[in-house]
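Participant: Please read through the structure below; I'll follow up with questions.
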Amino acid sequence: MKKTAVFINKLFLDHQPGFQHVESPERLAVIYEQLARPEFQARYLFPKFSAATPEMLQRIHTPAHVARVAATAGRPFASLDPDTQTSPQSYEAARLAAGAVIKGVEMVMAGACDNGFALVRPPGHHAEADRAMGFCLFNNIAVGARHALDALGATRILLVDWDLHHGNGTQHSFYDTDRVLYFSTHQYPYYPGTGGVDEVGVGRGKGFTINVPLRGGLNDRAYLRIFNEILAPVARQYRPDLIMVSAGFDIFVGDPLGSMAVTTQGFAGLARILTKLAEELCDGRLFMVLEGGYNLEGQKDGVLAVLAELSGHGYGLPVNGADNKFLSQGEIQIPGLNQTRDIAKKYWNI
Ligand SMILES: [Zn+2]
């Protein structure tokens, strides 16, 4: 069994983005309730961690942006973007969310745990250098990846984003560098509008952003096929020393914001592929960060299935596709995938 660290804190429940907002504290409360069970308390590590400092946040964000979010502290309500609002403790929660990812990559890089999952909110992958948007205040995963590069000796990070939405903020944070390979699957065209197949990076970063824009309706097998056929060969050529994941559960079949059709079994399958790739390429170093997910049951079950895969306990049901078996089970139509493949082929042998 592996040592899997899970990052939770009650402060994350105190960020209130507004009455009946889909990005609700209940999204985490249902998961935390499960994790309180003795079997999970015994199975996972629950490390302590502290808030990211302004200096750490400013490796990704402008001082003006950090100051703008900080200015919301203690205020009953502030609106930073049409769908991004804050409550008195949002700034502290957002700093702590980024701090969870920082502590997580520190532990993984030092071997203090094998892998981990930051179960935090507000989410992060839409947050730009100078702008909060899409329910996100600070870009948690980008801040963590930058910390791993700048302070922990990481040289190449594979950053996989399976959230329903394109992680515009993460892409833009690393668009001109080859030290982070950003790979995103997302519904398209859709919020936030970025993530076209022709967005491949610039300068030294050219070829180190891979976007897989997808129509809705794709199921477990489709996602597993994309991970096996495109992500896995690219990862083997890139040879990362750390894999990080923006894990969004809004690709769940019952999510109110999206129209993908991934099941709990599919989430376990994606986690299994990534766990195996991490074992093969970087001594198992893998760190996941929660992004979206708005069907409470789907997100809760998905997170627990992913944790079971990370820790080596296994999801408990056969996971078709995670072991390449499904490839012989007939063709799956994935509109647009050939175009993605043709563009990625200019940079990678796939
Ligand atoms: Zn999302």
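Participant: Out of all DSSP beta bridges with both ends in the chain, state the antiparallel percent to the nearest 5.
Facilitator: That works out to approximately 15 percent antiparallel.
Participant: A further question on this structure: Once the cut-off is 21 Å, how many percent of the Cα-Cα pairs in region 1-82 end up in the long-distance tail?
Facilitator: 50 percent
Participant: Can you tell me the length gained on complete extension of the stretch Lys10 to Ala110, counting 0.36 nm per residue apart and subtracting the Cα distance?
Facilitator: This chain segment gains 33.4 nm when fully extended.
Participant: May I pose another question? Mind giving me the nanometre distance, one decimal, between the label points for Gln34 and Ser259, set 7 Å out from Cα along Cα→Cβ?
Facilitator: 2.8 nm
Participant: Mind giving me the nanometre distance, one decimal, between the label points for Glu280 and Glu55, set 7 Å out from Cα along Cα→Cβ?
Facilitator: Here the answer is 4.0 nm between the modelled labels.
Participant: Please compute the length gained on full extension between Arg43 and Ala129, using 0.36 nm multiplied by the number of residues separating them and subtracting their Cα-Cα distance.
Facilitator: So the extension gain works out to 27.3 nm.
Participant: How do Ile251, Ile243 rank when sorted from fewest to most other Cβ atoms within 10 Å of their own Cβ?
Facilitator: Ile243, Ile251
Participant: Among all the aspartates and glutamates, which ones have a C-alpha under 20 Å from Lys3's C-alpha, if same-chain residues fewer than 8 places away are not counted?
Facilitator: Within reach: Glu39, Glu106, Asp114, Asp241, Glu279, Glu280, Asp283, Glu309.
Participant: Do any trypsin sites (Lys or Arg not before Pro) in region 140-179 lie in a DSSP loop with no more than 14 other beta carbon atoms within 10 Å, and if so, which? Mind showing how you got there, number by number?
Facilitator: On the way: sites: Arg146, Arg156, Arg179; in loops: Arg156, Arg179.
Nothing satisfies the criteria.
Participant: Turning to a different aspect of this structure: Taking a ≥ b ≥ c as the square roots of the eigenvalues of the Cα gyration tensor of the chain, is the shape rounded (a/c under 1.5), prolate (a/b larger than b/c) or oblate?
Facilitator: rounded
Participant: Sorted from fewest to most neighbouring beta carbons within 10 Å, what does the list Trp348, Trp162 look like?
Facilitator: Taking fewest neighbouring Cβ atoms as first place, the list is Trp348, Trp162.
Participant: Can you give the local net charge around Thr155? Use residues other than it whose beta-carbon is closer than 15 angstrom to its beta-carbon, Lys and Arg +1, Asp and Glu -1. Numbers along the way, then the final one.
Facilitator: Values: positive: Arg146, Arg156, Arg179, Arg204, Arg239, Arg285; negative: Asp150, Asp178, Asp241, Asp283.
That sum, taken over residues with Cβ under 15 Å, equals +2.
Participant: Shape verdict for region 90-150, please, from the Cα gyration tensor: rounded (a/c under 1.5), prolate (a/b greater than b/c) or oblate.
Facilitator: Because a/c hits 1.5 or more and a/b exceeds b/c, region 90-150 counts as prolate.
Participant: What ranking of Cys136, Cys282 emerges when the number of other C-beta atoms within 10 Å of each C-beta is taken as an exposure proxy, fewest first?
Facilitator: Cys282, Cys136
Participant: In nm, to one decimal, how far is the modelled label at Asp150 from the one at Thr62, with both set 7 Å along Cα→Cβ?
Facilitator: 1.7 nm
Read-outs: derived from the displayed coordinates by stated rules, not from any lab. Keep in mind it's a predicted model, so treat the numbers as computed, not measured. Every residue, glycine as well, gets a Cβ built from its backbone with ideal geometry; the counts of neighbours run over all protein chains shown.
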